[in-house]
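Take a look at the structure below.
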Amino acid sequence: PLSVPELLATVFADGDGHGITPDAIAAGRARYAFDVDGTPIRFIVLDTAAPTGSADGLLRQGEIDDFLIPELDAAQAAGQYVIVTSHHASGKLTDGGGFGGMAQDDAVLTEPFREVLASYPNVLMHLAGHTHHHRASVIRSTLGDGAYWEVETAALADFPHQLRTVEIRDLDNGFLGIKLIAFDFQTENDPIAEEEIGREHV
């Protein structure tokens, strides 16, 4: 088996590196940021897997201080909107002490993480998975006026095996519009695909 830094180095060495950076390799976390060409949108990707075990999400204070906040600051200074992505939604962030894991004293839990994102007016949404459900919620700061959307998307592994597109539009009136569309993939006239995705077995 590969260690996490070895795995990240392997991904980094392939093609365009898939977003992985030398900093991510050194940190042992699959975290990175990228801009969407031709738009004022920046994605910030967080690695919420718990390297100490447990299936729950884990972010440590150093990751917030050394990566997330500097990236948020840079995007704000550049006049960019931000979409944060991670496997776990904020409600699934724990101290890492769940089944098979080890609790971490510097873990950042749900509310502190939400307050960081909500303190930046340019954060549009946090996209996540893990729960295998479609959800969209407004997350509001309890300390100020900030708010953003948190969007969870179901897994292809589970019925109804849907994907989701996200459209962000400048409405040309001082507002942005966000449109979320869940959709099925085509299986018509393909009995193997129909069988494999389980539509006939629900």
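Here are a few things to note about the model shown:
- Residue within region 117-127 that is at negative phi, in contact with a Leu (Cβ under 6 Å, 6 or more places away or on another chain), touching a residue at least 12 places away in the same chain (Cβ under 8 Å) and surrounded by fewer than 21 Cβ atoms within 10 Å (Cβ to Cβ) present: yes
- Residue among LEU59, LEU46 that is surrounded by 14 or more Cβ atoms within 10 Å (Cβ to Cβ), more than 30 Å from ARG169 (Cα to Cα) and not basic (Lys, Arg): LEU59
- All conditions in (1) at pLDDT 95 or above; (2) closer than 24 Å to ALA154 by Cα hold for ALA74, with the sole exception of (2).
- Matching residues, region 134-146, being of a type in the set (A, V, I, L, M, F, W, C) and open to solvent by less than 40 Å² (accessible area, probe 1.4 Å): ILE139
- Screening PHE34 against (1) open to solvent by 80 Å² or more (accessible area, probe 1.4 Å); (2) at negative phi; (3) not in a strand (DSSP E or B) leaves a single unmet condition, (3).
- Checklist (1) open to solvent by 50 Å² or more (accessible area, probe 1.4 Å); (2) touching a residue at least 60 places away in the same chain (Cβ under 8 Å) applied to PRO40, failing item: (2)
- Taking region 1-31 as the range and being assigned to a loop (DSSP other than H, G, I, E, B) and touching a Phe, Trp or Tyr at 6+ places or on another chain (Cβ under 6 Å) as the test, the residues that pass are ILE20, THR21, ARG31.
- Test for ILE64: is it hydrophobic (A, V, I, L, M, F, W, C) and either within 18 Å of the chain's Cα centre (by Cα) or surrounded by fewer than 17 Cβ atoms within 10 Å (Cβ to Cβ) (or both): yes
- Any chance LEU171 is without any contact (Cβ under 8 Å) to a residue 24 or more places away in the chain and of a type in the set (A, V, I, L, M, F, W, C): yes
- Restricting THR131, THR110 to those that are open to solvent by 20 Å² or more (accessible area, probe 1.4 Å) and within 19 Å of ILE44 (Cα to Cα) reduces the list to THR110.
- Filtering THR153, THR165 for residues that are surrounded by fewer than 11 Cβ atoms within 10 Å (Cβ to Cβ), hydroxyl-bearing (Ser, Thr, Tyr) and at pLDDT below 95 leaves a single hit, THR165.
- Just so you know, in region 86-103 the residues that are open to solvent by 30 Å² or more (accessible area, probe 1.4 Å) and of a type outside the set (A, V, I, L, M, F, W, C) include one that is nearest to THR48 (Cα to Cα), and it is HIS87.
The values are calculated or read from the model by the stated rules, or taken from the named source; none is laboratory data. Fair warning: this is a prediction, and the values are worked out from it, not measured in the lab. Using ideal geometry, Cβ is built from the backbone for each residue, glycine included, and neighbour counts are taken over all protein chains shown. For accessibility, only protein heavy atoms count, side chains too; no ligands or nucleic acids. Shrake-Rupley method; radii C 1.70, N 1.55, O 1.52, S 1.80 Å.
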